[in-house]
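The values are calculated or read from the model by the stated rules, or taken from the named source; none is laboratory data. Owing to the predicted nature of the structure, the values given are computational and were not obtained by experimental measurement. Methodologically, a virtual Cβ is constructed for each residue, glycine included, from the backbone with ideal geometry; neighbour enumeration extends over all protein chains shown.
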Amino acid sequence: MNGTHRFSRRLYGVLCGAMLLLLVAPASAQQAYTGAAAVIRSETDGAPQELPATLLRPNGAGPFPAIVILHDCSGLGARSSGAPMRWGAVLAAEGYVVLIPDSFAPRGYPDGVCTAPPSAQLQKTLPRVRAGDAYAALALLRSLPYVDGRHVGIMGGSHGGTSTLQTLVKPVEPALASQRADGFAAGVALYPGCAAPFGAWSIVRADGQRGPVTQFNGIYVPLAPLFILIGSDDDWTPAEHCRVMAERAAAQGFPVSIKIYPGACHSFDNDRPRRYVEARNNANQPDGHGATTCGDPAAWADAIVQVKSFFAARLKGKT
């Protein structure tokens, strides 16, 4: 039995260390939630890893629906984009328990992996590994008495969005597919990399591992409804790849939808100016490097509305 199967077999028996540290801050009259620190225990390929996490809990007894947020390639350290906590605050105020695990710092990348050179250590941060982190976070949430364990969603941007796609795809391995069938209830992927193998979905690139995509194969089959939001001018994770993925899946009756924001680029959910960085890892460029990020106030504002509505319908039963 290989490491992936060992992980899938043991996953739901692990309550992830369930070490909630008693660092809950008192809520102010204006704040609708409180924050705490947590630790989850993730296992992928038989390698246990304790991951620190931030837990946001709405005020009240619950039970509340919940959302796991997976950070982008910048991680959660000093150089973080800040997007996970921004989204966490929005969703906690909407009545969701939010759990944000740190997948990178404990694995040796406190400043993220956006420009990290290829290495064996870097393989421990791949979306496949982070999917294991997501299911470990789900197990922890389901152990909490104030969480509605049947209504837990997942969300991520960029590297976290790609990891969300990996988390929600139906695995081709029957044993792993069975283990994950009773998993997340819905997912949102912000500007994810859709040009990667996910279950029965795969692509072919002009130069093998990098460069333009020349062929799309198969169908992305989700385990739960999936909503992708991405900018038309994204040169890091091109919208066209996600458009083809979503439209092929929808044509086969699978619940995958997409919204493309005209003129928006990567990381549109921030207020920072347009910035191109040559050192960023980017498989969609011929030399494997260089990508643009830029905030887009209109896209960001609409994305908040769209994400709230999507999760309300699938995690709260509201339309």
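Okay, residues lined up against (1) surrounded by 17 or more Cβ atoms within 10 Å (Cβ to Cβ); (2) of a type in the set (S, T, N, Q):
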| position | (1), (2) |
| --- | --- |
| Pro65 | yes, no |
| Gly77 | no, no |
| Phe104 | yes, no |
| Ser119 | no, yes |
Complete set of residues in the range 179-219 that are hydroxyl-bearing (Ser, Thr, Tyr) and either buried (at least 19 other Cβ atoms within 10 Å of the Cβ) or assigned to a helix (DSSP H, G or I) (or both)
Tyr191
Quick check on the range 234-246. Is at least one of its residues surrounded by 16 or more Cβ atoms within 10 Å (Cβ to Cβ), touching a helix residue (DSSP H, G or I) at 6+ places or on another chain (Cβ under 8 Å), at pLDDT 95 or above and not aromatic (Phe, Trp, Tyr)?
yes
Cβ pairs under 6 Å, 6+ apart or interchain, first in the range 143-160 and among the aliphatic types (A, V, I, L, M) and at pLDDT 95 or above, second assigned to a loop (DSSP other than H, G, I, E, B) and buried (at least 24 other Cβ atoms within 10 Å of the Cβ), ordered by first then second residue, are Val152/Phe184; Ile154/Phe184
Given the conditions (1) in contact with a Lys or Arg (Cβ under 7 Å, 6 or more places away or on another chain); (2) at pLDDT 90 or above; (3) in a loop (DSSP other than H, G, I, E, B), which single one is not true for Thr34?
(3)
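Any residue at all in the range 268-278 that's under 19 Å from the mean Cα position of the chain (by Cα), part of a strand (DSSP E or B) and touching a residue at least 24 places away in the same chain (Cβ under 8 Å)? Working first, answer last.
Of the range 268-278, the ones under 19 Å from the mean Cα position of the chain (by Cα) are 268-270.
Keeping just the survivors that are part of a strand (DSSP E or B) gives none.
Looking for residues that are under 19 Å from the mean Cα position of the chain (by Cα), part of a strand (DSSP E or B) and touching a residue at least 24 places away in the same chain (Cβ under 8 Å), one finds none in the range 268-278, hence no.
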Here are the criteria: (1) at pLDDT 95 or above; (2) over 17 Å from Ala131 (Cα atoms); (3) surrounded by fewer than 21 Cβ atoms within 10 Å (Cβ to Cβ). Tell me which single one Leu229 does not satisfy.
(3)
List every residue pair whose Cβ atoms sit under 8 Å apart, with the two residues 6 or more apart in sequence or on different chains, where the first one lies in the range 107-127 and is without any contact (Cβ under 8 Å) to a residue 40 or more places away in the chain and on the phi < 0 side of the Ramachandran plot and the second, anywhere, is among the charged types (D, E, K, R) and part of a helix (DSSP H, G or I).
Gln121/Arg107; Thr125/Arg107
Being within 21 Å of Gly95 (Cβ to Cβ), surrounded by 14 or more Cβ atoms within 10 Å (Cβ to Cβ) and at pLDDT 95 or above narrows Ala283, Ala303, Ala291, Ala264 down to just Ala303
Within the range 51-63, restricting to residues that are small (Gly, Ala, Ser) and part of a loop (DSSP other than H, G, I, E, B), the one that is surrounded by the fewest Cβ atoms within 10 Å (Cβ to Cβ) is Ala61
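State yes or no: is Leu55 under 17 Å from the mean Cα position of the chain (by Cα) and closer than 16 Å to Ser163 by Cβ? First the steps, then the outcome.
On the way: under 17 Å from the mean Cα position of the chain (by Cα): yes; closer than 16 Å to Ser163 by Cβ: no.
Taking the combined requirement at face value, the residue does not satisfy it.
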Out of Tyr109, Tyr135, sole residue that is in a loop (DSSP other than H, G, I, E, B), in contact with a helix residue (DSSP H, G or I) (Cβ under 8 Å, 6 or more places away or on another chain), modelled with pLDDT of 95 or more and buried (at least 17 other Cβ atoms within 10 Å of the Cβ)
Tyr109
